[in-house]
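Encoded as structure tokens, the structure appears first; notes follow it.
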Amino acid sequence: MASLDDLKKRIASVKSTQKITKAMKMVAAAKLRKAQESAEKGRPYSEKMNNVILNLSSGISDKENAPKLLAGTGQDKVHLCVVMTSDRGLCGGFNSNIIKKAKSYFSKILDENKELKIITVGSKGNDQLKRIYGDKIIENISFKESKNANYFDADKVGKIIIEKFEAGEFDVCTIFYNKFKNVITQIPQAQQIIPLNDEGNENSSDESYEFEPDEDEILSNLLPKNISTQIFKAMLENSASEQGSRMSAMDNATRNAGEMVDKLTIEYNRSRQAAITKELIEIISGAESL
Amino acid sequence: MSEEFKIEIVNPEKSFLVKEDVSEVVVPAFEGEMGILKDHISIISFLKPGIIKVSSKSGDENYYVEDGIVEFKNNNLSILTSSIYNLSDMDKSVQQDLLKKAKEEAGKLDINDQTKYLVDQKIEVLKTLN
């Protein structure tokens, strides 16, 4: 059995860990509120953008000459996957969930003998993926300096993707991120952004629009922006998910630490009592023998 | 009957401006300034750098934008833009910053005609602000 001193030290160390996890939970909760708010505020933009593009693409008569960002290259050989994770750990299954989703997608692609290219956003994803897919990662982007997800960063990622697309480096682009449902549930998502998947979202009105300049020109201007917008949306969802996930992970950790302290305290008291009893027995039996 | 319609300006971070009682909006559309009144035909267009002028009962407001998309439908005007500034509380230093950036961009050799046009436009508008 551990000595009294050892137990005391362990109790103290678990308690101080508990303090840290508790503080992290508080911080995550505060950040979560902010992140959730900005995720909600960011939604109208991406929704409107989607609507406009839907309206536009339904207006395009000549599907074959549609911009490639919308229709794709007509091939399906090289897949680019953008895996978006966090830069910090201690957030429960947040990063592993995205990675798991991405990995299953990767193996599917590789099984079909297609080429795979990976861009990681956030250092945690890069850490986990580079062991197995190190040779496939073509770029690693990290925004450690920026505190909150901002459009400027998203635009940077978007520009990189478009540049690569225009250079003919890939045919299909998919982004991986966690969609924020609520504090305990985040759903890992795979969303194809090139070519654009108009997932049967046919609520576009029949109303005809006037275009100025023509559809093609507006589309070719709009589509690159849409990429950045989708990435920004993913970043916002991700940051809300990260904080939510961290909050529940730290909540669990705090509770576990509490249980551990209780258990250790009982053990401590028990062995202290045992020591006292032992001492008493020794004294009594010593007195009797006289 | 009222001659008012609804305007909504959104940027990626939030809804920038929502107003229900707008009587006229002038936007710097790509092919020239465009005034929008109530019951305008449904239209989609995109913006070049310039000034958006919003007239309503409570007075005129001016916003500087660098890019964006306008959509007008059923007397709802939506403007999507990634960079918008309210002119009345726009700092001189912000203007100078933007002007400097634009000039740097214009100095690059490898830009195509369209971006060149947009950047020149930006510089011109920014200059008039000062």
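The values are calculated or read from the model by the stated rules, or taken from the named source; none is laboratory data. The structure presented is a predicted model; accordingly, all values stated were derived computationally and were not measured. All Cβ positions, glycine included, derive from the backbone under ideal geometry; neighbour counts span all protein chains shown.
Figures for the structure shown
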quantity	calculated
The listed residue being in contact with a helix residue (DSSP H, G or I) (Cβ under 7 Å, 6 or more places away or on another chain) and on the phi < 0 side of the Ramachandran plot, out of B:K103, B:K73	B:K103
Selected residue [modelled with pLDDT under 90 and in contact with a helix residue (DSSP H, G or I) (Cβ under 8 Å, 6 or more places away or on another chain)] from A:L32, A:L90, A:L54, A:L80	A:L90
Where B:D67 falls short, out of the listed (1) at negative phi; (2) more than 9 Å from every other protein chain (Cβ to nearest Cβ); (3) charged (D, E, K, R)	(2)
Some residue of segment B:85-100 being within 14 Å of another protein chain (Cβ to nearest Cβ), among the hydrophobic types (A, V, I, L, M, F, W, C), touching a strand residue (DSSP E or B) at 6+ places or on another chain (Cβ under 7 Å) and crowded, with 20+ Cβ neighbours inside 10 Å	no
Residues within segment A:96-129 that are of a type in the set (V, I, T) and farther than 24 Å from A:S241 by Cβ, tallied	1
Selected residue (criterion: modelled with the highest pLDDT) from residues of segment B:79-90 that are touching a Phe, Trp or Tyr at 6+ places or on another chain (Cβ under 8 Å) and part of a strand (DSSP E or B)	B:L80
Hits in segment B:1-13 - residues which are more than 12 Å from B:I36 (Cα to Cα) and surrounded by 16 or more Cβ atoms within 10 Å (Cβ to Cβ)	B:E8, B:I9, B:V10, B:N11, B:P12, B:E13
Residue within segment B:39-62 that is among the hydroxyl-bearing types (S, T, Y), free of Cβ contacts under 8 Å to residues at least 12 places away in the same chain and surrounded by 14 or more Cβ atoms within 10 Å (Cβ to Cβ) present	no
Extreme residue, surrounded by the fewest Cβ atoms within 10 Å (Cβ to Cβ), among residues of segment B:21-34 that are among the small types (G, A, S) and within 13 Å of chain A (Cβ to nearest Cβ)	B:G32
Test result for B:V18, in contact with an Asp or Glu (Cβ under 7 Å, 6 or more places away or on another chain) and either surrounded by 21 or more Cβ atoms within 10 Å (Cβ to Cβ) or part of a strand (DSSP E or B) (or both)	yes
Number of positions in segment A:34-56 that are touching a residue at least 60 places away in the same chain (Cβ under 8 Å) and out of contact with any Lys or Arg (no Cβ under 9 Å at 6 or more places or on another chain)	9
Residue match in segment A:241-254 (condition: closer than 22 Å to A:I109 by Cα, away from every other protein chain (no Cβ under 11 Å) and either surrounded by fewer than 14 Cβ atoms within 10 Å (Cβ to Cβ) or in contact (Cβ under 8 Å) with a residue 24 or more places away in the chain (or both))	no
Test: B:I79 is among the hydrophobic types (A, V, I, L, M, F, W, C), on the phi < 0 side of the Ramachandran plot and in the same structural domain as B:G68 (by TED's automatic domain parsing)	yes
Complete set of residues in segment A:140-171 that are outside any helix (DSSP H, G or I), within 14 Å of another protein chain (Cβ to nearest Cβ) and not hydrophobic (A, V, I, L, M, F, W, C)	A:S146, A:K147, A:N148, A:N150
Selected residue (only one of B:G59, B:G50 is under 15 Å from the mean Cα position of the chain (by Cα) and not assigned by TED's automatic domain parsing to the domain that holds B:K122)	B:G50
